[in-house]
Amino acid sequence: MRWTPGEGVFWRPAPQADGFAAGDREIDADVAIIGSGPGGAAAARVFANAGARVVVIEEGPPEERFRPNQGQVMRYHMQEGGAMVATGSTFMPIAAGRGVGGGSLINSAIAWRCPGEVLDSWTPVIGSDRFCAREMKPVYDELWEMLGIWETRPEIAGENNDLVVRGVRALGLDGGYLSRATPNCVGCGTCNFGCPSGGKASVNHNLLVEATSNGARILADTKIDGFLSTGNRVVGVTGRSFHPDTREPGGRVTVRTAKVIVACGGIGTPRLLSRSGLDLGPAVGVGLHVHPGNGVFGISDTPVRWWQGATQGAYFHVKGLPGVLPHTSSLPPEVALLAMSAVGIDAPSGMALLDYLSGLLVMISDKGSGTVGSWPDGRAKITYDFDPGDVDRVKAGMVASAKVLLAGGAKRLFCAVAGVGQHTTAESLEAALATRTIRDFTLYASHPMSSCRMGQDPQTSVIRADGRAHRLEGLYLADSSIFPTSLGVNPSITTMAMATIIAGGLAATG
Ligand SMILES: Cc1cc2nc3c(=O)[nH]c(=O)nc-3n(C[C@H](O)[C@H](O)[C@H](O)COP(=O)(O)OP(=O)(O)OC[C@H]3O[C@@H](n4cnc5c(N)ncnc54)[C@H](O)[C@@H]3O)c2cc1C
Ligand code: SF4
């Protein structure tokens, strides 16, 4: 199978993948791809289409194990059980997906093209224009059509998104309904637990289907923990199968190959490389960006029921603040109750308010950065330090969000920032936020990136513009860890686009 533009095929049943294996496996391949998220899937598609023998190795389960509850998604579909945390200026949970499809299984499928000025700023850094806006455009165009990316339609948006759009329009702001990779969305609001209805174009329903149709093999329930090398050339990977339910170890796997593509994500890639023993230079795990953010929540007099409708379907740009991007959010009830308890709303009162909540999550393109290494037991060791200017931009985005929620119909506001309380005007919220430090914030970030950057300088980057490690033959990266800077927009489509270009270049040169 090969997808061609105009065909209109957005969703296919997920591909067959090998699951837990008790015995040892030895496999020969042309290309081994570690990780099956947007980056790994896009690379697998290109190599398989070019006729290469491709093996994709994925730590998470072979099939979707979706249930509408937080515990289930953390257990099966979040890296490290959803317990990754960055420490530094403050304590910040970091989320990343797991399973055949990686983060696309549980993300909100918001689709953006990276702003042209950001892409073009990379050209001097990487010494190549292969990811400039002009070169990326046709790749974005193809992905847009292949994934069925459309603007969220009002009939499936739901009141949470409608309220935001009303507010945006009333204030004359630049914003509206978001484009999402959700061609068949019915607006059930559970994207972050997995899509139960085939509405979302997660990469296991398109890129990986095309890859396996052209011969790629997927080994799921298999975690890579080492590399085979001779001299300065990587010639394979080793790992072990783990039972998806019991986590009991199974057999070892060895894949011998000419090319290893690491695509374990912004945390997973440096976590693996930092304990690999390979000589990759000092930039592994350095420069992590995460698009940190915080939410502002509205309380209306009439029901909103934020669990009905497209999960995150509206946004706006904050005037005068490029890189500050608020978009609709909703929380599972148990998390909403916790957020409300932070402003003194007790559980029974909070339960009574659940129907009436609306929300905006402020995400910023961060100047602050962090590091990713590995604890002795293999978990990621993550630090992150906020840039003071970033804190001010989060606050400004929250005040702008408060204005939008009020203009859209909310009557009261709160946010999960200690000591800020409830407000009826954006001005009083702004005054209350002014005295708060980042330690008072309840933060969350789900866009780890830029932790194994692309660049010309081996002291500050891990890979060259063609995706190859500076210091090693045979080892390439193709995921969100390679961005030379923070993007400022949700990163999965840019991850796919860059992986497509990297794999295309390698497949063409053999
Ligand atoms: C809750 C949530 C909501 C999000 N919403 C959006 C959104 O709306 N729009 C958007 O653009 N982005 C969104 N994102 C971010 C987006 O999903 C990620 O940026 C994207 O998935 C990154 O792709 P990747 O290929 O770099 O890595 P990942 O998607 O993280 O894939 C890496 C894969 O590698 C596997 N892996 C890791 N280590 C190993 C190992 N040692 N051996 C084998 N396999 C391994 C992991 O299990 C995982 O499946 C969201 C993320 C989350 C978590
Ligand atoms: S809102 Fe529901 S139907 Fe739509 S993509 Fe998300 S999970 Fe699927």
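For the stretch 436-467, the set of residues classified as more than 16 Å from ligand 1 (Cβ to nearest atom) and crowded, with 19+ Cβ neighbours inside 10 Å consists of 438, 441, 455, 461, 465, listed by residue number.
Within the stretch 313-333, residues that are closer than 21 Å to residue 117 by Cα and touching a residue at least 12 places away in the same chain (Cβ under 8 Å) have Cβ atoms under 8 Å from residues that are in a strand (DSSP E or B) and among the hydroxyl-bearing types (Ser, Thr, Tyr) in these pairs: 315/328; 325/315; 326/315, counting only partners at least 6 apart in sequence or on another chain.
Residue 312 fulfils the conditions (1) away from ligand 2 (no atom under 16 Å from the Cβ); (2) closer than 25 Å to residue 81 by Cα; (3) surrounded by 24 or more Cβ atoms within 10 Å (Cβ to Cβ); (4) not hydrophobic (A, V, I, L, M, F, W, C) except for a single criterion, (1). Of the residues 108, 128, which is in contact (Cβ under 8 Å) with a residue 60 or more places away in the chain and either within 20 Å of residue 484 (Cα to Cα) or in a helix (DSSP H, G or I) (or both)? Among 108, 128, only 128 is in contact (Cβ under 8 Å) with a residue 60 or more places away in the chain and either within 20 Å of residue 484 (Cα to Cα) or in a helix (DSSP H, G or I) (or both).
Quick one: would you say residue 212 is among the hydroxyl-bearing types (Ser, Thr, Tyr), outside any helix (DSSP H, G or I) and out of contact with any Ser or Thr (no Cβ under 7 Å at 6 or more places or on another chain)? It is false that residue 212 is among the hydroxyl-bearing types (Ser, Thr, Tyr), outside any helix (DSSP H, G or I) and out of contact with any Ser or Thr (no Cβ under 7 Å at 6 or more places or on another chain). Exactly one residue among 416, 431, 410, 426 is among the hydrophobic types (A, V, I, L, M, F, W, C) and under 24 Å from the mean Cα position of the chain (by Cα), and that residue is 416.
Could you tell me whether any residue of the stretch 434-453 is over 26 Å from residue 288 (Cα atoms) and of a type in the set (A, V, I, L, M)?
Within the stretch 434-453, the subset over 26 Å from residue 288 (Cα atoms) is 434-435.
Keeping just the survivors that are of a type in the set (A, V, I, L, M) gives 434.
Checked the stretch 434-453: at least one residue is over 26 Å from residue 288 (Cα atoms) and of a type in the set (A, V, I, L, M).
Read the figures in this text as sums done on the coordinates, not as results from a lab. Fair warning: this is a prediction, and the values are worked out from it, not measured in the lab. Every residue, glycine among them, receives a Cβ derived from its backbone with ideal geometry; neighbour counts consider all protein chains shown.
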